[in-house]
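In what follows, a single structure is set out as structure tokens and then discussed.
The values are calculated or read from the model by the stated rules, or taken from the named source; none is laboratory data. This is a predicted model, so every value here is computed, not measured. Every residue, glycine among them, receives a Cβ derived from its backbone with ideal geometry; neighbour counts consider all protein chains shown.
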Amino acid sequence: MPDLVQAPPEAVQVVPEGDRYLLTFLSAVDNRGAGPLLLEAGRAGRGDPAMSVRQVVARSDGSRRAYETPGELRYVRAETHAHWHLLGFERYELRTLEGRLVAPDRKTGFCVGDRYETDRRETLPGEPPRPVWTQECGRGQPGRLVLRQGLSPGFGDDYVPRLEGQHVDVTGVAPGRYRLIHAVNVDRALRESDYRNNTASVVVILERGGGTVRARVV
């Protein structure tokens, strides 16, 4: 099984965009499990807007078993990319320290792949010698009928600040202390060996003054 580990938010800052203020950040998810996250998606024809997704799990006897998931892939066009996104893979939220939801994310989905090695000093069981999933998820190919995405053991997938949807809108949020939460596989739609490490967070202080909004991580 894979083990998806959510990293805490990094590079947190407020960025003005027109008359809005966006809390931006870097997010990252590592696979620390013994097996890869392997997703196979497909649709019957181009008239279907989404692909259904199956998770393929390697078994100890060398065989593989496919599990249907409630997830789906949709072709998303944005300013810097246009490819097939896995919806609901990771979520971002800003909450009060008491747990009340203040602002949700607007992220449309993720192109999952081996973007970096998690620790060059350590080799996990099942970790390949080099990245396997380096694809761009059908970039520029809205007519695709099948697609595979994956995340190998010992590798991670990250999204840099200010990428489309990589923010929480804090325009109307009052100054104060909040918890910025990143969570992967929130609905447990994907099979993992451990779900206890799927959430990470930092405490953020929002400050207003001089006609702008600032953020400090404490």
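Give me the strands (runs of 3 or more DSSP E) completely within segment 35-78, filtered to those with at least 3 residues that are touching a Ser or Thr at 6+ places or on another chain (Cβ under 7 Å) and surrounded by 12 or more Cβ atoms within 10 Å (Cβ to Cβ), ordered by residue number.
Strands (runs of 3 or more DSSP E) meeting the threshold: 50-58.
State yes or no: is residue 46 of a type in the set (Lys, Arg) and closer than 30 Å to residue 119 by Cβ?
For residue 46, the condition - of a type in the set (Lys, Arg) and closer than 30 Å to residue 119 by Cβ - is not met.
Looking at 189, 215, which one is under 19 Å from residue 100 (Cβ atoms) and out of contact with any helix residue (DSSP H, G or I) (no Cβ under 6 Å at 6 or more places or on another chain)?
Result of the check over 189, 215: 215.
Would you be able to tell me the number of residues in segment 176-218 that are aliphatic (A, V, I, L, M), out of contact with any His (no Cβ under 7 Å at 6 or more places or on another chain) and more than 28 Å from residue 18 (Cα to Cα)?
5
Can you find, within segment 20-66, the residue that is modelled with the highest pLDDT among those that are among the hydroxyl-bearing types (Ser, Thr, Tyr) and within 28 Å of residue 106 (Cα to Cα)?
Top of the filtered list is 52.
Filter segment 4-34 down to residues that are touching a Lys or Arg at 6+ places or on another chain (Cβ under 7 Å) and surrounded by fewer than 17 Cβ atoms within 10 Å (Cβ to Cβ), then give me how many there are.
Matching residues across segment 4-34 total 1.
Taking residue 141 and the conditions (1) touching a strand residue (DSSP E or B) at 6+ places or on another chain (Cβ under 7 Å); (2) over 20 Å from residue 106 (Cα atoms); (3) not aromatic (Phe, Trp, Tyr), which numbered condition does it fall short on, given that it satisfies the others?
Going through the list (1) touching a strand residue (DSSP E or B) at 6+ places or on another chain (Cβ under 7 Å); (2) over 20 Å from residue 106 (Cα atoms); (3) not aromatic (Phe, Trp, Tyr), residue 141 breaks only (1).
Say we look at segment 45-57 and pick out the residues that are of a type outside the set (Ser, Thr, Tyr) and without any contact (Cβ under 8 Å) to a residue 60 or more places away in the chain; which of these is farthest from residue 191 (Cα to Cα)?
Taking the candidates together, the pick is 47.
What are the residues in segment 168-207 that are within 15 Å of residue 88 (Cα to Cα) and not hydrophobic (A, V, I, L, M, F, W, C), if any?
Residues satisfying the conditions are 182, 185, 187, 188, 191, 198, 199.
Among the residues of segment 179-218 satisfying the criterion of being outside any loop (DSSP other than H, G, I, E, B) and without any contact (Cβ under 8 Å) to a residue 24 or more places away in the chain, which is surrounded by the fewest Cβ atoms within 10 Å (Cβ to Cβ)?
209
Is it true that residue 139 is touching a Phe, Trp or Tyr at 6+ places or on another chain (Cβ under 9 Å), among the basic types (Lys, Arg) and either on the phi > 0 side of the Ramachandran plot or modelled with pLDDT under 95 (or both)?
The answer is yes for residue 139.
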